[in-house]
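The values are calculated or read from the model by the stated rules, or taken from the named source; none is laboratory data. All of these numbers come straight from a predicted model, not from anything done at the bench. Note that we place each Cβ from the backbone using ideal geometry, even for glycine, and neighbour counts take in every protein chain shown. Note: accessible area is taken over every heavy atom of the protein model, side chains too, but ligands, DNA and RNA are not part of it. Shrake-Rupley method; radii C 1.70, N 1.55, O 1.52, S 1.80 Å.
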Number of protein chains: 2
Amino acid sequence: MSHAVSPLAPKDLPVAPAVPGVRFATTAAAIKYAGRTDVLLAVFDEGTQVGGVFTTSKCPSAPVDWCRARLGGGRARALVVNSGNANAFTGRKGVATVEHTAAIAAAAVGCSPDEVFLASTGVIGEPLDAAKFEPVLAETARRVAEGPWLDAARAIMTTDTFPKVATRTVAIGGVAVVLAGIAKGAGMIAPDMATMLSFLFTDAAIAAPVLQSLIAQAAGDSFNAVTVDGDTSTSDTLLLFATGRAAARGQVEITDAADPRLAGFRAALDELALELAQFVARDGEGARKFIEVRVEGAVSKASARRIARSIANSPLVKTAAAGEDANWGRVVMAVGKAGEPAERDRLAIWFGDIRVAVDGERDPAYSEAAASAHMKQDHVVIRVELGLGTGSDTVYTCDLTKEYVAINGDYRS
Amino acid sequence: MSHAVSPLAPKDLPVAPAVPGVRFATTAAAIKYAGRTDVLLAVFDEGTQVGGVFTTSKCPSAPVDWCRARLGGGRARALVVNSGNANAFTGRKGVATVEHTAAIAAAAVGCSPDEVFLASTGVIGEPLDAAKFEPVLAETARRVAEGPWLDAARAIMTTDTFPKVATRTVAIGGVAVVLAGIAKGAGMIAPDMATMLSFLFTDAAIAAPVLQSLIAQAAGDSFNAVTVDGDTSTSDTLLLFATGRAAARGQVEITDAADPRLAGFRAALDELALELAQFVARDGEGARKFIEVRVEGAVSKASARRIARSIANSPLVKTAAAGEDANWGRVVMAVGKAGEPAERDRLAIWFGDIRVAVDGERDPAYSEAAASAHMKQDHVVIRVELGLGTGSDTVYTCDLTKEYVAINGDYRS
């Protein structure tokens with residue numbers, strides 16, 4: 001797991017502010033890794049509301065099943081996340097493990113097990129022993145504090161090469177509230193639902209059904225728009241916790257998703273989710289290039305999304321990017337295979353600002369040198385204009401390098 | 001293009017018999033490669049019938065458009081195939097090129113341009129100059145002969161590391177007929193239609209509509225069941241030519257696809273197509289393992305096919321195979337992401353004969369050593385039992401290695 005930090009990592013690690021009502025601590029439970037933290041415990045003030053979205057996998061992990069079943073209550077007092085073992089495809093043992101873990105955390109925190117949310121990431125198919133949590137959670141619960149977020153982000157990393165933290169401050173009805181989020185993810189990343197693990201926290205007072213609406217919308221153009229390898233995890237989890245502590249500063253609780261006072265918060269949440277999601281593509285296993293795939297002129301946004309995913313998941317497009325090869329022919333191929341409406345003779349393609357193809361053939365002014373120069377950037381923008389309608393969408397990914405193969409050829413053994 | 005021969009190549013190069021009514025020759029037209037043949041011209045006796053299937057790409061190449069438009073006639077006198085340039089996404093120039101090429105070939109062979117079938121493989125988006133064919137096709141037409149097939153297979157290779165030839169002899173109504181086929185393909189291989197280029201030849205007397213029915217069926221479980229990278233070419237072409245010369249030996253022409261006398265021929269054609277298709281997976285770019293993915297107990301064959309493709313196209317499954325890692329958790333992931341009916345707690349998974357998971361968790365008798373031993377074979381069999389119905393299907397692929405990335409990171413430039 002000791003891969004060099006992605007060259008696409010942000011240059012400065014962010015210092016996120018405390019979120020009133022959220023305290024946390026990390027610990028080393030030796031679940032798989034030695035010499036590093038692998039458990040995050042977050043404790044929330046009473047009255048904290050929660051919303052969330054999960055993997056679309058038909059074989060979800062036991063913690064995903066657990067969280068889904070508890071989300072209806074809308075109340076959260078604790079979050080336990082471990083790295084090193086996904087507790088996925090672990091059968092009845094896995095169910096017993098989440099029940100046992102929630103009970104241990106509930107006792108440590110002083111709440112009902114149904115107010116404990118759980119997430120696990122790491123190897124699939126290995127039983128996860130809840131006894132690992134027994135000796136550490138009570139001690140960890142005594143140490144919880146309002147920071148630092150980087151420690152929380154580090155404890156949930158697997159093949160990630162940098163901790164992922166983002167933050168925003170925004171007003172609701174004139175009262176400033178804080179948003180902070182952490183994420184992990186580098187492989188098994190595909191945008192079929194809230195991808196990978198990400199946990200967002202705010203002190204805003206927002207009712208659970210509103211949180212659910214906000215988080216589902218925020219996931220659409222962020223976590224669901226990121227792909228590393230087209231492989232959808234069994235464990236994808238995105239949760240948004242709102243402690244409501246801003247109410248003490250005069251923020252009126254929001255109970256209607258259509259409340260116009262939410263506009264700023266909604267925009268900030270969307271931005272935060274996008275920033276964290278882009279971090280995941282920037283930390284894609286073996287990534288050397290961050291790739292933005294923009295599709296315009298499609299018959300609908302959904303069609304544009306499918307074409308953009310087809311491009312972003314194409315091994316041939318991704319290896320061309322790794323080779324800094326302005327191989328727009330492979331973009332044509334990926335448009336063609338998407339199965340969506342497209343007319344070859346209306347297609348135009350840009351690499352950055354360089355139009356390489358127009359009207360179904362190479363641009364008459366095509367310059368290999370100019371196109372290649374763009375491919376040498378570490379942020380590659382591929383734009384496709386279909387000329388059919390007004391649907392557009394953007395998907396984020398990374399290149400496919402030999403390091404991806406190396407990382408995944410010896411991850412488990 | 002000088003990659004070492006795939007370790008999965010057949011040990012002996014086949015010697016295929018002549019197919020009466022089919023003569024061919026190859027030439028070096030310097031379309032892209034120097035010092036090798038890159039054009040195949042096949043000439044058919046009058047009365048030759050043809051059927052074919054093509055890529056499902058929405059951006060097909062100019063030769064694919066040409067062939068599709070001429071297939072209705074059912075008659076063929078010549079086939080021209082070039083490697084080095086796909087004549088795909090070449091706009092009006094590409095259309096002019098196929099028209100010009102067909103005219104040159106028709107003049108050389110003495111037939112109508114509408115009886116000339118064309119296929120091109122290689123780089124996408126570069127104009128292909130028909131003038132390249134002008135000086136060589138007439139000369140090549142004078143040299144055509146009934147063999148050897150290996151020369152034909154070599155002329156159409158791109159990143160292929162070995163020529164792909166297969167043959168069968170079978171009786172129709174008691175009269176022996178010959179089937180011979182060649183194929184090319186190593187990358188941009190996905191099973192959305194007749195994948196890559198493959199040309200099959202027989203001296204049987206079979207009417208074009210029957211050929212069409214036979215070839216469409218044969219493609220289903222062979223070329224459509226192979227994937228290297230999930231990337232569908234703009235140029236996939238599979239054609240079956242029947243010269244009818246066996247009629248002179250007493251074979252009654254078959255004009256009905258339901259004719260029971262076709263049973264043996266149909267089976268031989270299906271086998272031949274499967275053999276050639278498997279060669280493509282065995283020559284997958286960078287391949288070190290041939291992987292057979294078998295899905296059983298699905299709700300339908302179509303559902304089994306989609307799940308098998310999800311497994312076979314998963315970069316994480318393919319890199320695990322490259323690393324000889326018995327990582328069945330990634331197989332669970334790929335089943336889960338397929339979007340098809342699956343119940344986690346009914347799943348069972350085998351690597352070869354080793355059952356690694358059952359009832360939604362690791363097999364109680366699981367032996368890492370035994371599973372790993374299977375992964376060290378160069379033919380890996382992944383079998384999934386869903387326990388839901390009677391649908392089953394098999395898909396063929398190869399592992400994803402650093403060499404795939406190397407080959408595709410510098411293919412064009």
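Brief remarks on what is shown
- Candidate cross-link partners of B:LYS402 among the lysines, defined by an alpha-carbon separation under 19 Å and a same-chain spacing of 8 or more, comprise A:LYS289, A:LYS318, A:LYS402, B:LYS289, B:LYS318, B:LYS376.
- Scanning residues 5 or more positions from B:VAL177 or on other chains, those with amide H under 5 Å from its amide H are B:VAL170, B:ALA171, B:ILE172, with H placed 1.01 Å from N in the peptide plane.
- Across identical copies of the chain, A:ALA107 has label-point separations of 9.2 nm, listed in ascending order, with the point defined 7 angstrom from Cα along Cα→Cβ.
- Three-way shape call for segment B:255-299 based on the alpha-carbon gyration tensor, with the a/c threshold at 1.5: oblate
- For segment B:1-39, trypsin sites (Lys or Arg not before Pro) are listed when DSSP marks them as loop and at most 13 other Cβ atoms sit within 10 Å of their Cβ; the list is B:LYS11.
- Positive end of the dipole of the protein assembly as shown (Cβ unit charges, origin at the Cα centre): among A:THR140, B:LEU240, A:GLY51, the Cα lying farthest that way belongs to A:THR140.
- Inter-centroid distance (Cα atoms) of segment B:37-76 relative to segment A:93-132, Å: 61
- Residue-wise HN-Hα couplings along segment B:158-171, as the Karplus relation 6.51 cos²θ - 1.76 cosθ + 1.60 with θ = phi - 60° gives them from phi, are 10, 8, 4, 9, 8, x, 10, 9, 8, 8, 8, 10, 7, 9 Hz; Gly and Pro carry x.
- Chain B's nearest residue to the axis relating it to A, judged by Cβ and reported with the distance in whole Å, is B:LYS402, 2.
- Of the GluC sites (Glu not before Pro) found in segment B:315-368, the ones in coil according to DSSP and having at most 16 other Cβ atoms within 10 Å of their Cβ are B:GLU343.
- Put simply, chains B and A cover up around 5300 Å² of each other's accessible surface, both sides summed, when a 1.4 Å probe is used.
- Of A:ASN224, A:VAL280, A:ALA155, farthest towards positive along the dipole that unit charges on Lys, Arg, Asp, Glu beta carbons give segment A:22-282: A:ALA155
- About the centre of its Cα atoms, the protein assembly as shown shows a dipole size close to 160 debye [charges on the beta carbon of Lys, Arg (+1) and Asp, Glu (-1) only; nearest 20 debye].
- Summary for A:ARG249: label point 7 Å along Cα→Cβ; distances to the equivalent points in the other copies, ascending, 9.0 nm.
- Shape class of the protein assembly as shown from the alpha-carbon gyration tensor: prolate, with a/c at 1.5 or above and a/b greater than b/c.
- Here is how far apart the A:GLU46 label points are across copies: 9.9 nm, shortest first, using a point 7 Å from Cα toward Cβ.
- Per residue, chain B reaches -9500 deg cm²/dmol at 222 nm when only DSSP H runs of four or more residues are counted, each adding -39500 (n - 2.57).
- Calculated FRET efficiency for the pair B:ARG346/B:ARG261, C-beta based, R₀ 45 Å, to 0.05: 0.55
- Seen through its C-alpha gyration tensor, with square-root eigenvalues sorted a ≥ b ≥ c, chain B comes out prolate because a/c lies at 1.5 or above while a/b is bigger than b/c.
- Cα-centred dipole magnitude for segment B:228-371, charges only on beta-carbon of K, R (+1) and D, E (-1), debye, nearest 20: 160
- Spatial separation of Cα centroids for segment A:309-347 and segment A:357-413, in angstrom: 8
- Considering only segment B:22-282, percent of DSSP beta bridges that pair antiparallel, nearest 5: 70
- Sequence-separation-based contact order of chain A, relative, with Cα cut under 8 Å and 6+ spacing, percent: 17
- Percent antiparallel among DSSP beta bridges (both partners in the protein assembly as shown, rounded to 5): 70
- When both bridge partners sit in segment B:290-409, DSSP labels roughly 70% of those beta bridges antiparallel.
- For segment A:290-409, size of Cβ-based charge dipole, Lys and Arg +1, Asp and Glu -1, in debye: 380
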